[in-house]
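Notes for the one structure printed next.
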Protein chains: 4
Amino acid sequence: MIIILKESAAPAQIEELRKNMESRGLVVQDIRGESKYMLGLAGDTSGVSEEGLQRFDFVDRVMKVSEPYKLSGRHFHPEDSVVEIPGGVRIGGGNFAVIAGPCSIESEEQILSIAKDVKRSGASLLRGGAFKPRSSPYAFQGLGLDGLELLKIAKEKTGLPIVTEIMSTDYLDIFESDVDVIQIGARNMQNFSLLREVGKLGKPVLLKRGPSSTIEELLMAADYILVEGKSSVILCERGIRTFETATRNTLDLSAVPVLRKKSHLPVVVDPSHGTGYWDLVFPMALASVAAGADGLIIEVHNQPERALCDGQQSITPALFDKLMHKLSALRETLQSA
Amino acid sequence: MIIILKESAAPAQIEELRKNMESRGLVVQDIRGESKYMLGLAGDTSGVSEEGLQRFDFVDRVMKVSEPYKLSGRHFHPEDSVVEIPGGVRIGGGNFAVIAGPCSIESEEQILSIAKDVKRSGASLLRGGAFKPRSSPYAFQGLGLDGLELLKIAKEKTGLPIVTEIMSTDYLDIFESDVDVIQIGARNMQNFSLLREVGKLGKPVLLKRGPSSTIEELLMAADYILVEGKSSVILCERGIRTFETATRNTLDLSAVPVLRKKSHLPVVVDPSHGTGYWDLVFPMALASVAAGADGLIIEVHNQPERALCDGQQSITPALFDKLMHKLSALRETLQSA
Amino acid sequence: MIIILKESAAPAQIEELRKNMESRGLVVQDIRGESKYMLGLAGDTSGVSEEGLQRFDFVDRVMKVSEPYKLSGRHFHPEDSVVEIPGGVRIGGGNFAVIAGPCSIESEEQILSIAKDVKRSGASLLRGGAFKPRSSPYAFQGLGLDGLELLKIAKEKTGLPIVTEIMSTDYLDIFESDVDVIQIGARNMQNFSLLREVGKLGKPVLLKRGPSSTIEELLMAADYILVEGKSSVILCERGIRTFETATRNTLDLSAVPVLRKKSHLPVVVDPSHGTGYWDLVFPMALASVAAGADGLIIEVHNQPERALCDGQQSITPALFDKLMHKLSALRETLQSA
Amino acid sequence: MIIILKESAAPAQIEELRKNMESRGLVVQDIRGESKYMLGLAGDTSGVSEEGLQRFDFVDRVMKVSEPYKLSGRHFHPEDSVVEIPGGVRIGGGNFAVIAGPCSIESEEQILSIAKDVKRSGASLLRGGAFKPRSSPYAFQGLGLDGLELLKIAKEKTGLPIVTEIMSTDYLDIFESDVDVIQIGARNMQNFSLLREVGKLGKPVLLKRGPSSTIEELLMAADYILVEGKSSVILCERGIRTFETATRNTLDLSAVPVLRKKSHLPVVVDPSHGTGYWDLVFPMALASVAAGADGLIIEVHNQPERALCDGQQSITPALFDKLMHKLSALRETLQSA
């Protein structure tokens, strides 16, 4: 529900209305249009009477929002959100950023070498898995906290802010202090306890779409984070599960313009997991940007054939460099009239 | 990998071999066939030499298991597993059990009334959601610990063991002490941290298949629980996500005979979530049993039209009673030659 | 749109109204309830004024049918349809029938041997592919008209009516004269030219659901046949395409009660194509009947390991015989109170 | 199977080998590499002995092709195919073409107006549906032969070659004489009788991927056309059916680089059907080209809000013009180093 206020509404009146609504357990969001001031109400509004609200003389009108997501929706925040990341990196609202790095952190030498390479090519953030969610309990599960330490060294040496996946609430404090962007993996997109806890940290969160989650469900998952009122969210399309087996997943690039229409949150694409094959990463990265993505997350490995995880879908630093040049030219063309 | 021992193998020899393997980080499982004794090795066996093993004179031969799941597979446990639940209830290996109750626990009166009804009709376990995973943060999230207390009252009054869903590691100790069968919901099937923690509790776990998880992935998720060596697992088919919209999910009943072929674990079916409509529950419950299910989990509500959650897919106690009679006749027919 | 007439409506009035509607290009269907007489209008009714109709004093009221299918829907035909097949076989409305035979007709000896076996076990119809739709042009395409001749011999020798697939409009006249039930394969479910032509023949049609067709689309495809006003239709669930690869298709058994609710047409299930594995056919055939199917279509081959097509999913005559006994007991149990 | 010949092989020897293979019912395809000459054998090669072939002294070696498709595969034709269309239009091998026009032909004025507009903006071919495959028999089915006449008028007036869909074998001769590119719709991708007949016409065929067809099945369908030896094929990705409902279909853009890797045939994308919404057409058309498509097929309507079919997914001539400019700049950027 959105309450559109008259221009004449006094700050004290607005404040009183806000408190009234919050006392009913609702989340109240400020929405400022060019000349309008609005309050967005998320939560169970079934007890709020539209007629009652309209009786206040400083209320212009009341609008129901039928979408099941609220805080992530354009209705509640008409302008593009810009997510600010330590180190001066920004994503969204015209700011484009590439996150690059290996699937798993394997050694100091490996992560440092890749970090330097991707930085030189223009990546804005470094990714690397310390805790790895693997379908099989017998597969390599990541280096854990040791991996995170190596990632911090790479950050120190290159200045790149770091992105890594959180898999449980066990290390919330460590992620809060050490990680710049906290990734919620596709398998945990509906791990609601985790979403809520991460939402309290006040950090940027990279939220990956579940392989069988609809776009609506992705936005409701974002709302679980946003409703805590502290963290910002970057959405990530990374492929959905379909009958097609020629690719690991089916990268749903239409989700990019759909998300940008429905939501104010930045949208990045992961063509590495989205396709599962290194030689598809290049064309699909270009296609993602042409479709309107605000950023990319790309697996880069210095020795893909020896990677402990997902080598098949990782590109070399050399190919990454070539891709960054092409992306740059492409973005220039797309932005020009 | 499975090591098949000669009949002449001495217990001390077997014990030494077991320790040798465990020292490499492998999980060793005893497998006793009618006249054969075997050791199943789960974990990274790439460092174990088949030739080396066959040089022991008490080793008959070595068999690779190509399936990515191990402990849940028939290779590692040829006989049906029977899961024992406090209160004398057993599921699997010819033991059939029906779990019934409301989607959410709403009040003492509600849960008690339903518990008595389903017990009278022959249900073996009582289900009821205290913590509810909801796609939207604005939907009813369950009564939480208060709900669990009400469920315990219903258990006390009826003697029915209780099944309820765990959503995070926050209340592991409470679930350990109070709950008879811990349910892992479909959205958490690949919440590997939760699987591992629940696997350490030594309790029966009802593991629901994720809506876009393959049968192989379900068995690998079961392995995450079993590899901790303490808890037992009941598998649950509850519908997969497809393009069809006439039902909430597509109940994949073929998964029942497939799972029974590949795995020794009991398989139950949830026709309530699997279809989403109360009038499909009756025929699909019958079909589940005809397909070979070891049990059912069915949503029963005394006032479905007023249920706070999933009323559309809940049946009344009266229809449940009718169903139980039909199921009983059906099982008799199926078992007779 | 359905026009519900008053009891006082005179035959001549009804006839005039019918002609009026037909002159607008609409298909008019008689619907007789217990005490009500109705006319169902299928086609573009946007030009028909409800108010205009209600001004006739013999019209009780007018009902819009929002479902996109009409003639196959229960609204237009509240009672179960019974499809009559030459040889005294009936399907639907409580009449159960099993169609059995090989995937492809391979030789006179093969089809005769199988036909005799399945008849002895109680099959009501003989199936056998003469024209085979194969994904690859390099795979065995069936014996064509020669195969049809062999099928006719088997019919002559056993008395079983025959079911075989039509793949194009080339042999409409031959199918009309020689085949008892014309099968439209899953790949041709939306070959609308073929549906229309077959609809003109006045024969029972076995319409298989396309692997990615919704239940609504299946019913609209049935309408393409029914709208020609001559042929009757038997619907067939044969598995849909999903991400699961443990089975050839995902047999959507919930479609059985859904179709029986929405439509008056008989519903049969094909567990052979639906699962793709012979050892799943037995349990899924039982499950189909428990779900409420009016019949089954089952691939039976005397030498499955040598079959030219789909041997993996064919059962032997011996197993078919065992299945028929079990089905018979199962149906008795289901029908008894 | 591919027979690689020695450079010393004499034309007469090759010819004799070809005839030998053709006499076994195989389709023999010439494959000329830079310095190698090869014969591709499609069909049932199980009776061809590799050893026997290698005994010929002009045979270098024999290579099995494990892919189920042959003639459409890169193995059989390493270079990109260029499809030549009357009017000097070429698609494939670096030649890019845009097909534009309305979903359905509605009137002379409509088709002429749109044809002139899209030509002015740079479209190479005119599309327009005369025979429309509609899920419902009660929906507008197209103007049929009258529509085709109008399309011919538009061709005459603008010089644009025409593309339209064939739905049955009834009008093969008319399509042969009047239509420049014959479209096989998604629902008929596995209408094998139609594929074979169209394959005999010697015309370019636009083959749309079925909504639940794998990439392999699309290529096997192309083989059904190619095996007749006369027609050329353009592949078309137009969206697959998944669980996502925010778009009409899920446009599988990864299929573009996958098809270009596996096949030599040109690949075009239909973002209109692929997404179902006009405002997604623009970004997804750009993304298609960035992914490597050889062309696009786009629905353009002068009054989308009044279109008799699929108005929701049609763009206006003005937006089409803007798109063509953007595409042109994009292609230049992609081609430059």
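The values are calculated or read from the model by the stated rules, or taken from the named source; none is laboratory data. Small disclaimer: the values here were computed from a predicted structure and weren't measured. Methodologically, a virtual Cβ is constructed for each residue, glycine included, from the backbone with ideal geometry; neighbour enumeration extends over all protein chains shown.
Numbers at a glance
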| quantity | calculated |
| --- | --- |
| Residue check, B:Gly144 more than 15 Å from A:Gln190 (Cα to Cα) and within 14 Å of chain A (Cβ to nearest Cβ) | yes |
| Output for region D:156-171, where each listed residue is closer than 18 Å to D:Ile85 by Cα and within 20 Å of the chain's Cα centre (by Cα) | D:Leu160, D:Pro161, D:Ile162, D:Val163, D:Thr164, D:Glu165, D:Ile166 |
| Yes/no for D:Glu109 being surrounded by fewer than 15 Cβ atoms within 10 Å (Cβ to Cβ) and not in a loop (DSSP other than H, G, I, E, B) | yes |
| Given (1) at the interface with another protein chain (Cβ under 9 Å from one of its Cβ atoms); (2) part of a loop (DSSP other than H, G, I, E, B); (3) of a type outside the set (A, V, I, L, M, F, W, C), index of the condition C:Arg248 fails | (1) |
| Index of the failed condition, B:Glu84 passing every other in (1) touching a Lys or Arg at 6+ places or on another chain (Cβ under 8 Å); (2) within 14 Å of chain A (Cβ to nearest Cβ) | (2) |
| Filtered residues of region A:128-137 (kept if of a type outside the set (S, T, N, Q), within 11 Å of chain B (Cβ to nearest Cβ) and in contact with a Pro (Cβ under 8 Å, 6 or more places away or on another chain)) | none |
| Candidate set: region A:78-134, residues that are in contact with a strand residue (DSSP E or B) (Cβ under 7 Å, 6 or more places away or on another chain) and hydroxyl-bearing (Ser, Thr, Tyr); chosen: the one farthest from A:Leu265 (Cα to Cα) | A:Ser104 |
| Yes/no for C:Glu176 being surrounded by fewer than 24 Cβ atoms within 10 Å (Cβ to Cβ), modelled with pLDDT of 95 or more and in contact with a Pro (Cβ under 8 Å, 6 or more places away or on another chain) | no |
| Residue that is farthest from the other protein chains (Cβ to nearest Cβ), among those in region D:17-38 that are at pLDDT below 90 and loosely packed, with under 12 Cβ neighbours inside 10 Å | D:Ser35 |
| Of all residues making up region C:112-128, the number that are outside any loop (DSSP other than H, G, I, E, B) and crowded, with 24+ Cβ neighbours inside 10 Å | 6 |
| Filter result (more than 13 Å from A:Ser72 (Cα to Cα), β-branched (Val, Ile, Thr) and either surrounded by fewer than 24 Cβ atoms within 10 Å (Cβ to Cβ) or more than 14 Å from chain D (Cβ to nearest Cβ) (or both)) within region A:220-245 | A:Thr245 |
| Search result, residues across region D:207-238 that are of a type in the set (Asp, Glu), part of a loop (DSSP other than H, G, I, E, B) and over 27 Å from D:Gly25 (Cβ atoms) | none |
| Sole residue being within 13 Å of chain B (Cβ to nearest Cβ), touching a Leu at 6+ places or on another chain (Cβ under 6 Å), surrounded by 12 or more Cβ atoms within 10 Å (Cβ to Cβ) and not in a loop (DSSP other than H, G, I, E, B), chosen from A:Leu41, A:Leu71 | A:Leu41 |
| Subset of region C:188-206 [among the polar types (S, T, N, Q) and not in a loop (DSSP other than H, G, I, E, B)] | C:Asn188, C:Ser193 |
| Residue check, A:Asp146 outside any loop (DSSP other than H, G, I, E, B), among the acidic types (Asp, Glu) and not assigned by TED's automatic domain parsing to the domain that holds A:Ser272 | no |
| Search result, residues across region D:151-173 that are buried (at least 22 other Cβ atoms within 10 Å of the Cβ), away from chain C (no Cβ under 14 Å) and hydrophobic (A, V, I, L, M, F, W, C) | D:Leu151, D:Ala154, D:Leu160, D:Ile162, D:Val163 |
| Of the criteria (1) more than 8 Å from every other protein chain (Cβ to nearest Cβ); (2) at pLDDT 95 or above; (3) surrounded by fewer than 24 Cβ atoms within 10 Å (Cβ to Cβ); (4) in contact with a Pro (Cβ under 9 Å, 6 or more places away or on another chain), which one A:Glu216 fails | (1) |
| Total residues in region A:76-88, condition buried (at least 20 other Cβ atoms within 10 Å of the Cβ) and not in a loop (DSSP other than H, G, I, E, B) | 3 |
| Filtered residues of region A:202-213 (kept if more than 14 Å from chain B (Cβ to nearest Cβ) and among the basic types (Lys, Arg)) | A:Lys203 |
| Matching residues in region D:21-38 - criterion: being outside any loop (DSSP other than H, G, I, E, B) and among the polar types (S, T, N, Q) | D:Gln29 |
| Failed condition for C:Lys64, given (1) surrounded by fewer than 15 Cβ atoms within 10 Å (Cβ to Cβ); (2) more than 14 Å from chain D (Cβ to nearest Cβ) | (2) |
| Options B:Thr242, B:Thr333, B:Thr316: the member that is of a type outside the set (Lys, Arg) and within 26 Å of C:Gly210 (Cβ to Cβ) | B:Thr242 |
